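Visitor: Pasting in a structure now, in structure tokens, and then I'll have a few things to ask.
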Amino acid sequence: MIMIHYPFTQKNFEDWIKDLGHFLHTDVTNNCLCFPENVGEGFAYAGSLKSGMSFLYVNIVLQQDVLFERTDADDAGILLYFNKVQIGRFYKITSGGQEILVNEKEYDTVLLNSSQYPLKLHLTKDSHLRMIGIRFSESLVKKFMKSNNLAFIKSITQQNLDNATDAYLTPEVQRLLEDVYHTDVRTTLGQFVLLNRVLLLVEKFLHLFFIRELPPEKQYHPSQEELENLGKVETFLAKVPDDFPSVEKLARMAMMSSTKLKARFKEVYGMKLYEYYNYNRLIKAKQWIENGVASIQDAAYRIGFTNSSNFSKAFKKEFGILPGKLKVFQPA
């Protein structure tokens, strides 16, 4: 039987998709790969959410069997996958002596595991794979996780394929996934929607994950009122005001003390207040540059930087590359 066998070492998804394109002798344009006809009908699209955090969206109907073989990696990164598969003959994942074999018509699951574990994914002809993957680098996880939560996460990822479950596919999560499945990533709007939905999927998953998995004595249980007030602050910062507001102003908005706001915001959203504001404004600038809406200098000015050099430094710190290295989208 004809089968494509693709061995790889996991890395950030923007580099991963380039390696896949090289393997398939197919061009990757603006982080989008259209699969050759002999492989299947569909595409793969990769992007970065912040330095150390990237995502991959694959939507393909296979014309032949494909075996993805991931070797162990030095970086103990964490991988989160949302998979929806309409199965041809079967769907099979093996890793570390564990196996998932599905012969049913459809398989929907969420999988959290470590890039350190070798893994084989066997997809058969006529299968329709829709997959969203998010990679968190080891350095990013260490930066934002408290030491006790980090140890807990590592203990969970060691369960490997036993983590595969549909328990996190709540109606809200499924609506976000459907938005992604119906998004045309070849358009500027589609790319914006995809980025937004992936961020929301990460947020919803982590919220559910820590509620379900973290031992009760280590959990923070915000009241509904606290969540709503924190949401007001998050929405305000995500809209990227002209200047970062004072913490006191944000605290009044959240109806809590400055100290409590800083602690609670970090626990719920995983970033400090200014980090969240800065990340969102840099994301906007990145989209403007990539989509040809603004030059680097104009994008920097529009999000509050008076010095393009400082903007470039902040951009590289967040995304790992200089803004001048971005590929500008060229409409067909």
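The values are calculated or read from the model by the stated rules, or taken from the named source; none is laboratory data. Remember, it's a predicted structure, so these values are computed and weren't measured experimentally. All Cβ positions, glycine included, derive from the backbone under ideal geometry; neighbour counts span all protein chains shown.
Visitor: So how many residues does region 286-312 have that are part of a loop (DSSP other than H, G, I, E, B) and in contact with a Leu (Cβ under 8 Å, 6 or more places away or on another chain)?
Guide: 1
Visitor: Moving on to the next point. Give me the pairs: first residue in region 151-179 and aliphatic (A, V, I, L, M) and in a loop (DSSP other than H, G, I, E, B), second residue loosely packed, with under 15 Cβ neighbours inside 10 Å and modelled with pLDDT under 90, beta-carbon distance under 9 Å, and six or more apart or on different chains, which are they?
Guide: Final answer for the pair search is 167/212.
Visitor: Hey, residue 76 hits all of (1) buried (at least 20 other Cβ atoms within 10 Å of the Cβ); (2) hydrophobic (A, V, I, L, M, F, W, C); (3) more than 26 Å from residue 183 (Cβ to Cβ) but one; which does it fall short on?
Guide: Exception for residue 76: condition (1).
Visitor: Counting just the residues of region 253-278 that are among the aromatic types (Phe, Trp, Tyr) and within 18 Å of residue 225 (Cβ to Cβ), which one comes out nearest to the chain's Cα centre (by Cα)?
Guide: 269
Visitor: Okay, next question. Has region 117-139 got any residue that is surrounded by 16 or more Cβ atoms within 10 Å (Cβ to Cβ) and part of a helix (DSSP H, G or I)?
Guide: Within region 117-139, one or more residues are surrounded by 16 or more Cβ atoms within 10 Å (Cβ to Cβ) and part of a helix (DSSP H, G or I).
Visitor: While we're here: If I ask for residues that are more than 18 Å from the chain's Cα centre (by Cα) and surrounded by 18 or more Cβ atoms within 10 Å (Cβ to Cβ), which ones from region 96-115 would you list?
Guide: Scanning region 96-115 gives a single hit, 107.
Visitor: Determine if region 254-261 includes at least one residue that is assigned to a helix (DSSP H, G or I) and crowded, with 17+ Cβ neighbours inside 10 Å.
Guide: Yes, that holds for at least one residue.
Visitor: Please go through region 26-84 and give me each residue that is of a type in the set (S, T, N, Q) and on the phi < 0 side of the Ramachandran plot, ordered by number.
Guide: 26, 29, 38, 48, 51, 54, 59, 63, 64, 71, 83
Visitor: Let me ask another. In region 1-43, what count of residues is obtained for those that are under 19 Å from residue 134 (Cα atoms) and over 24 Å from the mean Cα position of the chain (by Cα)?
Guide: Total satisfying the criteria: 0.
Visitor: Looking at 244, 236 in this structure, which one is of a type outside the set (A, V, I, L, M) and outside any loop (DSSP other than H, G, I, E, B)?
Guide: Matching residue, one of 244, 236: 236.
Visitor: Give the residue, chosen from 47, 42, that is assigned to a strand (DSSP E or B) and closer than 21 Å to residue 3 by Cβ.
Guide: 42
Visitor: Follow-up. Test each condition in (1) out of contact with any Phe, Trp or Tyr (no Cβ under 9 Å at 6 or more places or on another chain); (2) buried (at least 17 other Cβ atoms within 10 Å of the Cβ) for residue 16 and report the one that comes out false.
Guide: Here residue 16 meets the rest and fails (1).
Visitor: Then there's this: Could you list, in sequence order, the residues of region 259-282 that are modelled with pLDDT of 85 or more and of a type in the set (Val, Ile, Thr)?
Guide: 259
Visitor: Yes or no: region 61-69 includes at least one residue that is at pLDDT 95 or above, over 20 Å from residue 95 (Cβ atoms) and either acidic (Asp, Glu) or crowded, with 20+ Cβ neighbours inside 10 Å (or both).
Guide: There is at least one residue in region 61-69 that is at pLDDT 95 or above, over 20 Å from residue 95 (Cβ atoms) and either acidic (Asp, Glu) or crowded, with 20+ Cβ neighbours inside 10 Å (or both).
Visitor: A further question follows. Within region 86-116, can you find the residues that are of a type in the set (Val, Ile, Thr) and either farther than 18 Å from residue 181 by Cβ or in a strand (DSSP E or B) (or both)?
Guide: Of everything in region 86-116, those that are of a type in the set (Val, Ile, Thr) and either farther than 18 Å from residue 181 by Cβ or in a strand (DSSP E or B) (or both) turn out to be 93, 94, 100, 102, 109, 110.
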